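Read the structure below first, then the notes.
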Amino acid sequence: MSDSQFVSRCTADAMNNAATSLLAGHLVAFPTETVYGLGADASNADAVAKIYLAKGRPADHPLIVHISAMDGIGFWANEIPEYAIALARNFWPGPMTLILQRSEAAGDFITGGQDTVGLRVPDHVVALALLDSAKKIGVHGIAAPSANRFGHVSPTTAEAVLEELSDYLSPEDVILDGGPSQVGVESTIIDCTGSNPHILRPGAITQAMIEEVTGLKVTEAQSEIRVSGSLENHYAPKATVVLDTEPQPGHGYIAMSDTKTPVGVIRLAAPETIEEYARILYAALREGDLQKLVRICVDQPQGDGLAVAICDRLQRASRGR
Ligand code: TXA
Ligand code: MG
């Protein structure tokens, strides 16, 4: 167990202290509406290097820079297309990351050496308060991947962050507890460097929403951009995840609430809606590991929209670690 500082009451003072820690080059794990992030001052190469160490993540994978409001785009990005502005106006703060041409401010240690940068304004009071406090003392953005070890399931509670990273954080680092994440799957990542937007990672901002707001068709074009979340074996628990298969006694089981639990099967989640499915999925996979289950059977949700994001993560989880 590390002695990183676990902050369960996110008062104004606590936010200012956390911002000061960021400025001093320490890590701050914080809640967002999607999943918890592991943050560092996005202008500080040494601080960002600590993220890669704590996660055990290859250093050439780019990080999302979190900003407090849309007016921070211009600091980090150049040549912002009109449709990206429309997306930001409509969906920020929210579960959406825009990939844009980087400015001078976005160092190679943020972009993985690419000429683009990922930006997001998260929709969570604690995240926004932290970003505001940080900005006031000169921190223009917080670089943050999901606060899990590389390849593991993203944490949706502060306890899960502690479970994942306690061995890898130092006493100066901070974990802010803002309760369970309300969306539960990572942000939609939209490449905005072409004439049309395209989705690099599906999330709660769906293709239909993007097309409606931009008036543009979302293209499927394959991009050269590296997205570690698009690696095949990602988001995986220790248990083997098996999709759309009848569970046997002793197996874990995740399915919509209208599906019954066979005798002897351990029901890990029974969501009533797609939104609830997304919200509780990662906690259910973690619970399976806590119970030391060997196999977790999962019925994929039907439909488009958020179901696409859930199925994307489930398929990766089913390919194992
Ligand atoms: O919801 C989220 O996006 C969460 C919360 C904490 O904001 N963050 C998150 O970060 O999921 P991470 O690092 O686990 O996944 C972000 C993905 C990575 O796969 C990374 O490769 C991709 O975003 N990414 C970041 N910057 C990029 C860039 N310039 N070009 C392409 N992909 C980028
Ligand atoms: Mg991640």
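Couple of notes before you dig in:
- Taking Cα atoms only, the orientation of helix 45-55 departs from the longest principal axis of the chain by about 10 degrees.
- For S103, distant residues with modelled amide H under 5 Å away: A77, N78
- Isotropically averaged projected area of the chain, using the convex hull of Cα atoms (one quarter of hull area), nm²: 15.2
- If the segment from D60 to N17 were pulled out straight at 0.36 nm per residue, it would be longer than the present Cα-Cα gap by 12.4 nm.
- Across the range 61-210, the relative contact order, built from alpha-carbon pairs under 8 Å that are at least six residues apart, equals 27 percent.
- The label point for L53 and the one for S195, both projected 7 Å from the Cα toward the Cβ, are 4.7 nm apart.
- Ranked list, fewest to most other Cβ atoms within 10 Å of each Cβ, for M209, M15: M209, M15
- With the charge dipole of the chain set up from +1 on Lys and Arg Cβ and -1 on Asp and Glu Cβ about the Cα centre, the Cα lying farthest toward the positive end among the listed residues F6, P197, G250 is that of G250.
- Backbone HN-Hα couplings from phi across the range 187-199 [Karplus 6.51/-1.76/1.60, Hz, Gly and Pro as x]: 4, 5, 9, 10, 6, 10, 9, x, 6, 10, x, 9, 8
- Crossing angle, helix 12-23 versus the chain [Cα axis fit, 0-90 degrees, rounded to tens]: 70
- Amide proton proximity set for R201, modelled H, under 5 Å, gap of 5+: I189
- Placing +1 on the Cβ of every Lys and Arg and -1 on the Cβ of every Asp and Glu, with no other charges, gives the chain a dipole of roughly 560 debye about its Cα centre.
- Relative contact order [Cα under 8 Å, 6+ residues apart], the chain, whole percent: 21
- The separation of the range 277-317 from the range 47-89, counted between C-alpha centres, amounts to 27 Å.
- Angle in degrees between helix 306-317 and the longest Cα principal axis of the chain, rounded to the nearest 10: 80
- Database remark: amide H of T240 closer than 5 angstrom to the amide H of R295, I296 (H placed geometrically; neighbours at sequence offset of 5 or more, or on other chains; Pro and chain starts carry no H).
- Reachable lysines from K292, criterion Cα separation under 20 angstrom, eight or more residues apart if same chain: K238
- Residues V241, V263 in ascending order of nearby Cβ atoms (within 10 Å, fewest first): V263, V241.
- Share, in percent, of DSSP beta bridges within the chain that are antiparallel, nearest 5: 45
Throughout, read-outs are computed from the coordinates displayed, never taken from laboratory work. Because the structure is a prediction, the values reported are computed rather than measured. A quick note on method: Cβ atoms are made from the backbone with ideal geometry, for glycine too, and the neighbour counts reach across all protein chains shown.
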